[in-house]
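Reading through the structure tokens given below for one structure.
The values are calculated or read from the model by the stated rules, or taken from the named source; none is laboratory data. Please read all numbers here as calculations on a predicted model, not as lab measurements. Every residue, glycine among them, receives a Cβ derived from its backbone with ideal geometry; neighbour counts consider all protein chains shown.
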Amino acid sequence: MQSWIKWGAVSAGVVIALILSFGLSVSAAAGDRTSGSAPACVAMSESWRYTNAANNCADTVRVMVVYQDGATGLCSTLPPGAYSTVGEGYLGRHGHPDHLAVCEVS
């Protein structure tokens, strides 16, 4: 009987820790800042799993995803002609991406 009580208490603690970690999460890139929207030559596409970006510009760009809830992703460097996954998709914890933003140079 006591082992069931211990197991229940441990399970409840794990569930609460998971809920708090997701509920209180902040932007994945709290230190990164943006300097406006990405240029029109950088295209964004989304799926349930990933947000992708294609750099159709002549120069290398550094971009991050800005989600509809205001959260931001990590900065990704895209050389000219590159196509890459730059964030999580719309089933992720932040929902649909809103736009791509240019990362400030540190």
- request: Quickly run through segment 16-39 and pick out the residues that are under 17 Å from the mean Cα position of the chain (by Cα), outside any strand (DSSP E or B) and modelled with pLDDT of 90 or more.
  value: A38
query: Out of all the residues in segment 40-74, which are assigned to a loop (DSSP other than H, G, I, E, B), touching a residue at least 12 places away in the same chain (Cβ under 8 Å) and out of contact with any His (no Cβ under 9 Å at 6 or more places or on another chain)?
result: C41, S47, W48, R49, N56, C57, A58, D59, T60, L74
message: I need the full set of residues from segment 74-94 which are at pLDDT below 95 and among the small types (G, A, S), in order please.
response: G89, G92
statement: So, first residue within 17 Å of G36 (Cβ to Cβ) in segment 75-100, second residue surrounded by fewer than 14 Cβ atoms within 10 Å (Cβ to Cβ) and among the polar types (S, T, N, Q), Cβ within less than 6 Å, six or more apart or across chains; the pairs are D98/Q68
